[in-house]
1. I'd like to know if region 43-63 contains one or more residues that are under 23 Å from the mean Cα position of the chain (by Cα), small (G, A, S) and at pLDDT below 90.
2. Looking at L113, is it open to solvent by 80 Å² or more (accessible area, probe 1.4 Å), in a helix (DSSP H, G or I) and of a type in the set (A, V, I, L, M, F, W, C)?
3. So, F101, is that one part of a helix (DSSP H, G or I), open to solvent by 60 Å² or more (accessible area, probe 1.4 Å) and aromatic (F, W, Y) or not?
4. Looking at region 124-156 only, could you name the residues that are over 14 Å from the mean Cα position of the chain (by Cα), in contact (Cβ under 8 Å) with a residue 24 or more places away in the chain, more than 19 Å from P42 (Cα to Cα) and buried (at least 19 other Cβ atoms within 10 Å of the Cβ)?
Amino acid sequence: MASEKKSANTTNTTPPKAKGKSGSATASKEPGLSIFSDRRFPIVAGIILLLWSFFLAIALASFISSAATDDSIVTKTQVTEAQAEEAQNLLGSMGALVGAFFFNKLFGFGSFLFIIQFFTLGVNALLRRKLFKMGKIVLFSSLLIIGLSFWGSYLQNFIDPAGVLLWGGAFGDFLFGQEGILMHQLKPIGWLS
């Protein structure tokens, strides 16, 4: 009786899988997700992220020293060849545009922490292992980005309020600029005047 139960449990009732030309079992793959299953994808993505982090580092560092001269290029909608030659940024007009976007339109000095995020994500993808703990890096650098943006804008109000370079970027200016929402809320208290 025990042997009958054992043989009943071990019988295979599922039909065998169909074999493809290569002899392996074929599985239904969605065509849109096949690029992510390719083992070359993380390597290519890692290289692109590393190159982007180096490009961003040079563009931001160069934008700090050339913001006043490159401001005319950044404010125009179309960049001509003549304007590209007069860009003082080390990466030309493209570096000036990227530097202005990350620095003045986003988070100011806090934008330098994006370099760390892109670099660590690129190294992890390239090596295909978690060399850096991305959760902690993204969390702490994001908090530092917001903090640096806040304090950069706050300090710029006292040191260089009419400067071309927005120390806290548009985000810090929105919070604590001369017309920022926190500046208007806290100014009546008196400790910021």
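1. Checked region 43-63: no residue is under 23 Å from the mean Cα position of the chain (by Cα), small (G, A, S) and at pLDDT below 90.
2. no
3. Against the criterion (part of a helix (DSSP H, G or I), open to solvent by 60 Å² or more (accessible area, probe 1.4 Å) and aromatic (F, W, Y)), F101 qualifies.
4. L148, S149, F150, G152, S153
The values are calculated or read from the model by the stated rules, or taken from the named source; none is laboratory data. Just so it is clear, the structure is predicted and the values come from calculations on it, not from any experiment. Positions of Cβ are backbone-derived with ideal geometry, glycine not excepted, and every protein chain shown enters the neighbour counts. Remember, those area values only see protein heavy atoms, side chains included, never the ligands or the DNA or RNA. Shrake-Rupley method; radii C 1.70, N 1.55, O 1.52, S 1.80 Å.
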